Amino acid sequence: MAKIFIPTMLQSLTAGAKQVDVEARNVRQVIEQLEVLYPGIKDRLVEDGQIRPNLAIAIDGDIAIMGMLEKVGENSEVHFVPAIGGGR
Amino acid sequence: MISNQVLSEVEFNVVGKRPLRPDGVDKVTGRAQYGDDTNLTGTLRAKVLRSPHPHARIKSIDTSKAEAFPGVRAVVTAKDLPFASLSKDELGGEYTALKYASDHMLASDKALFKGHPIAALAAVNAHVAESALALIQVEYEVLKPVVDVREAMKDDAPLIHEDLRTNDMGETGDKPSNIATHMSYSTGDIDKGFAEADLVMENEYTTATVHQGYIEPHNTTAFWNSDGQLNIWTSTQGSFQVRGTVAGVLRIPVSQVKVIPMEIGGGFGGKITAYLDAICAVLSKKTGAPVKALMTRTEVFEASGPAPASWMRVKIGVKNNGKMTAVEAEIAMDAGAYPGSPAMQAIVCAFACYDVENGKVDGYDVVDNKPKTAAYRAPGSPQAAFAVESLIDEICGELKMDPIDFRLLNAAKEGTRRIEGLVARRIGLVECLEAARDHDHYKAKLDEGIGRGVACGYWPNRGFQSSVVMTVNYDGVVSLIMGSVDIGGTRASIAQQAAETLGIAYEDVKPTVVDTDSIGYTFITGGSRTAFATGLAAINAAEDVKSQMVSRAAKIWDTDEDDIEYVAGIVQHKSDEELKFTFKDLARQLATTGGSISGRASVDPTGEGNGYAVHIVDVTVDPDTGKTDVTRFTAVQDAGKAVHPSYVEGQMQGGAVQGIGWALNEEYFFDDSGKMMNPTFLDYRMPTSLDLPMIDTVIVEVANPGHPYGVRGVGEASIVPPMAAIGNAVHAATGHRMRSLPITPGRILEAGWENGRS
């Protein structure tokens with residue numbers, strides 16, 4: 001099961017749970033599973049079918065470059081982190 | 001004293017050496033072509049009419065007199081941009097993004113900062129354009145401005161956008177606000193962590209709006225041909241970024257726009273945003289002629305994108321032995337006229353140097369009546385480090401603990417989980433701290449009157465998309481083309497990685513930066529990504545070349561490809577020593593074995609290696625004038641692998657110097673009406689070589705496991721520690737703790753008067 005880390009601001013939707021385990025093979029399935037468990041959480045993470053522009057998904061420490069299509073491993077860690085650009 | 005050290009783990013043949021840069025001769029002889037050198041036949045000159053008010057409603061614009069002025073060929077306002085003719089219903093979810101992007105080019109309903117473009121015109125020359133600009137009549141309803149981030153956050157602050165509501169991680173606020181976004185992350189149990197501490201300290205910090213200060217002003221030439229093709233010659237860190245912005249605002253396909261990136265006279269993050277390109281494009285479409293625009297220095301200050309001002313509150317708890325038990329920060333940054341400050345990057349970076357179990361960070365992205373902020377080297381991280389590293393210095397003072405020992409005790413290392421949740425891979429902070437501790441500078445005795453400060457800094461470094469194509473010429477020289485604009489010597493560093501992979505000489509790789517029609521999508525030169533990501537593309541393209549070279553040898557020797565190996569630039573048969581080609585020998589055979597060979601690669605890599613820096617600085621402070629002089633400065637940084645150590649040292653020194661300016665001199669001064677009062681280099685004081693000591697460097701090389709040669713990226717971490725290091729040194733020299741930037745002579749004297757010391 002993939003370990004999904006719930007961002008602090010969304011823990012009100014998960015009754016305080018900071019981490020949940022879900023069966024999912026990609027990010028889309030992760031979010032669908034979360035929505036089943038915690039209705040309303042999908043809208044907080046997704047906009048127009050894509051991850052919200054100020055968020056990035058990290059899977060096992062790597063930023064998911066394919067967004068919703070990115071594969072998730074059986075024991076992966078999944079984080080929703082601020083999107084970061086750069087200046088130089 | 002050794003001024004430049006490289007602490008290498010691994011040696012290569014080409015990577016890690018210091019060859020001449022391919023663009024060096026052209027640049028030092030003045031032959032390199034910059035944007036303003038573009039002079040197409042019949043080029044018109046554009047000028048932009050800008051708002052004199054930081055906040056005003058535009059009631060009417062009358063361009064008739066300017067249009068009738070002799071020599072004027074066209075005038076444009078926001079009505080000439082596609083947004084003006086599209087309804088909210090038509091645009092749907094795109095509405096707000098397009099309104100912001102379009103209005104940033106030419107304001108439609110409100111001027112949101114002094115310098116906001118209101119109209120533009122094209123004329124036969126710049127003098128005519130300048131004269132005609134004065135004939136455009138704009139009627140404004142002047143509104144109350146707000147240019148302070150904390151003031152802008154108040155409920156009764158003037159609203160910049162009447163329809164903007166706070167995005168609380170996907171939840172929209174119930175009333176209009178200047179707070180565009182709020183994010184919060186936490187780990188562990190913050191209350192428990194502070195309860196366990198023997199010492200808890202908390203303070204507030206502020207930093208001013210500062211500019212990147214690149215030498216070359218923004219410029220562009222656009223020609224919208226009658227066949228519909230739009231060509232743009234411009235100074236930019238990202239040609240594909242300009243293409244996307246222009247195509248988006250003008251609602252045309254990206255393939256209709258070709259951006260030709262010229263040489264760039266500095267960017268530091270400030271040349272990612274496209275300011276003049278769409279304006280010149282529309283003027284060109286109206287006139288049928290090429291149109292060029294060049295900002296004045298005042299326009300650069302007032303209307304391009306500085307780094308945000310910030311307000312920060314930091315709280316740290318420690319045990320008596322120095323172990324951190326809990327950390328907390330609130331960081332608010334002003335985005336200027338439109339959302340997009342790096343506040344969220346700041347909260348990621350704030351405590352990334354430390355391994356602490358309990359932490360909480362909150363970030364606020366706030367709009368106000370300043371120009372829309374842009375990236376500036378490690379966006380968000382320098383401000384956060386000023387606050388965190390200053391408070392840590394205070395804690396070290398209270399605990400009477402050596403500041404490097406404190407940081408070594410708490411340093412992030414492989415396996416450290418940061419507050420936002422990510423776990424650090426192999427990183428080099430500990431090695432940087434050890435190098436700083438062992439450096440001659442840190443061990444040197446302090447003369448009377450000198451204060452010494454240290455601070456750490458972090459930048460995650462990025463990957464993103466890059467493309468490279470390499471063609472083998474029949475003389476064995478490889479032509480390498482890429483989309484990454486060369487700011488800091490990346491032609492050389494990419495060519496070195498290609499040469500290393502091919503096993504050929506650096507001089508046998510000829511790198512060229514090309515336009516957006518000639519190469520696959522390539523993200524900006526920024527985020528300390530180019531040597532890493534475009535380097536990976538070059539390595540992969542070189543591997544493609546190698547496999548094709550093996551294939552040609554197999555054809556010549558009439559053998560199977562599996563019987564052939566490519567080793568250090570030699571293609572050889574595995575079992576017949578007589579059968580071998582040097583790279584050049586085989587290149588000569590290409591014409592008769594199927595023609596030229598091209599290797600190509602497009603990458604979007606993960607595996608970027610985080611960058612850490614540690615700075616040591618000595619200062620003296622004149623007790624009568626409050627003037628601070630930096631007398632010695634040593635910058636230590638983990639490069640992973642320094643591909644070209646001279647350019648890495650240049651990046652480290654450049655970041656340190658910009659940080660010194662940020663710490664001691666630089667700030668936008670605003671008058672009571674919200675107007676910037678110092679938009680020239682005479683009054684916006686950046687340090688020159690006369691103000692500075694030599695910046696000594698130590699390159700630490702802890703290889704990034706995500707890159708074949710260990711490259712991390714180096715352009716940004718070096719600007720993160722200087723402000724806190726200097727503030728800590730000023731405290732050591734004077735006893736005054738400076739919690740606001742810049743640390744001007746006046747502020748130091750005021751601190752002295754408040755402390756009763758002067």
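The values are calculated or read from the model by the stated rules, or taken from the named source; none is laboratory data. What you see is a predicted model, and the numbers here were worked out from it, not measured in a lab. Glycine gets a Cβ as well: all are built from the backbone with ideal geometry, and neighbour counts include every protein chain shown.
Take the residues of the range B:44-80 that are within 18 Å of B:ALA293 (Cα to Cα) and in a loop (DSSP other than H, G, I, E, B): which is nearest to the chain's Cα centre (by Cα)?
Ranking the qualifying residues of the range B:44-80, first place goes to B:SER51.
Inside the range B:321-349, can you point out the residues that are part of a loop (DSSP other than H, G, I, E, B) and either within 14 Å of chain A (Cβ to nearest Cβ) or of a type in the set (Phe, Trp, Tyr) (or both)?
Across the range B:321-349, the qualifying residues are B:TYR338, B:PRO339, B:GLY340, B:SER341, B:PRO342.
If we keep just the residues of the range A:65-88 that are at pLDDT below 90 and more than 7 Å from every other protein chain (Cβ to nearest Cβ), which is nearest to B:GLY421 (Cα to Cα)?
Only one residue tops the list, namely A:ALA83.
What residue, among those in the range B:68-103 that are of a type in the set (A, V, I, L, M) and surrounded by 21 or more Cβ atoms within 10 Å (Cβ to Cβ), is farthest from B:LEU250 (Cα to Cα)?
This residue is B:VAL72.
Is one or more of the residues making up the range B:292-306 surrounded by fewer than 23 Cβ atoms within 10 Å (Cβ to Cβ), assigned to a strand (DSSP E or B), away from chain A (no Cβ under 14 Å) and among the basic types (Lys, Arg)?
no
It is to be established whether one or more residues within the range B:115-134 are touching a strand residue (DSSP E or B) at 6+ places or on another chain (Cβ under 8 Å), surrounded by fewer than 15 Cβ atoms within 10 Å (Cβ to Cβ) and more than 14 Å from chain A (Cβ to nearest Cβ). Walk me through it before giving the result.
Step one: of the range B:115-134, the residues touching a strand residue (DSSP E or B) at 6+ places or on another chain (Cβ under 8 Å) are B:115-126, B:128-130, B:132-133.
Within this subset, residues satisfying the condition of being surrounded by fewer than 15 Cβ atoms within 10 Å (Cβ to Cβ) are B:125, B:130.
Then keep just the ones that are more than 14 Å from chain A (Cβ to nearest Cβ); that gives B:125, B:130.
Yes: one or more hits.
If you scan the range A:35-53, which residues turn out to be surrounded by 19 or more Cβ atoms within 10 Å (Cβ to Cβ) and in contact with a strand residue (DSSP E or B) (Cβ under 7 Å, 6 or more places away or on another chain)?
Within the range A:35-53, A:ARG44, A:LEU45, A:ILE51 qualify.
For B:ASP576, state whether it is over 41 Å from the mean Cα position of the chain (by Cα) and either at positive phi or outside the structural domain of B:VAL485 (by TED's automatic domain parsing) (or both).
No: the conditions fail for B:ASP576.
Do we have any residue at all in the range B:173-183 that's part of a loop (DSSP other than H, G, I, E, B), at pLDDT 95 or above, within 14 Å of chain A (Cβ to nearest Cβ) and surrounded by fewer than 20 Cβ atoms within 10 Å (Cβ to Cβ)?
No, the range B:173-183 contains no residue that is part of a loop (DSSP other than H, G, I, E, B), at pLDDT 95 or above, within 14 Å of chain A (Cβ to nearest Cβ) and surrounded by fewer than 20 Cβ atoms within 10 Å (Cβ to Cβ).
Quick check on my filter: what residues within the range A:55-64 are facing chain B (nearest Cβ under 8 Å), surrounded by fewer than 20 Cβ atoms within 10 Å (Cβ to Cβ) and either outside any strand (DSSP E or B) or β-branched (Val, Ile, Thr) (or both)?
A:GLY61
B:LEU106 is checked against (1) surrounded by fewer than 23 Cβ atoms within 10 Å (Cβ to Cβ); (2) of a type in the set (A, V, I, L, M, F, W, C); (3) touching a residue at least 40 places away in the same chain (Cβ under 8 Å) and fails just one. What number does that condition carry?
(1)
Among the residues of the range B:373-404, count how many are more than 14 Å from every other protein chain (Cβ to nearest Cβ), part of a loop (DSSP other than H, G, I, E, B) and surrounded by 24 or more Cβ atoms within 10 Å (Cβ to Cβ). I'd like the intermediate steps shown before the answer.
Keep residues of the range B:373-404 that are more than 14 Å from every other protein chain (Cβ to nearest Cβ), which gives B:385-404.
With part of a loop (DSSP other than H, G, I, E, B) added as a condition, the list becomes B:400-402.
Of the ones still in play, those that are also surrounded by 24 or more Cβ atoms within 10 Å (Cβ to Cβ) are none.
Of the residues in the range B:373-404, 0 are more than 14 Å from every other protein chain (Cβ to nearest Cβ), part of a loop (DSSP other than H, G, I, E, B) and surrounded by 24 or more Cβ atoms within 10 Å (Cβ to Cβ).
Looking at B:GLY363, is it surrounded by fewer than 24 Cβ atoms within 10 Å (Cβ to Cβ), within 14 Å of another protein chain (Cβ to nearest Cβ), touching a residue at least 60 places away in the same chain (Cβ under 8 Å) and under 30 Å from B:THR96 (Cβ atoms)?
no
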